[in-house]
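Written out below as structure tokens is the structure these notes cover.
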Amino acid sequence: MRTLLATLLALGVTACATAMPAGGVATYDDLRRAQADCAAKGGKLTLKRGGDSQYLEDYACERN
């Protein structure tokens, strides 16, 4: 019984951990660095359609 409970608890924690976006929170410094990298490539950093501005992976470098 304890083994089953421990297994279910571990699966629950794993599910919560994998539900978070991989890129993490988009801090000011991260966005500034991504914008500079994108501009160096001749593009502009924009938020993807339907994206959440809180997450870095929801931004894309688009050509001008």
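Rounded to the nearest 20, the size of the Cβ-charge dipole of the stretch 23-64 about its Cα centre is 240 debye, with Lys and Arg at +1 and Asp and Glu at -1. A full extension of the chain between LEU47 and ALA34 corresponds to an added length of 3.5 nm, given 0.36 nm per residue minus the alpha carbon distance.
Read the figures in this text as sums done on the coordinates, not as results from a lab. Predicted model only: the values in this text are computed from it and were never measured. As a convention, Cβ positions derive from the backbone with ideal geometry for all residues, glycine included, and neighbour counts pool all protein chains shown.
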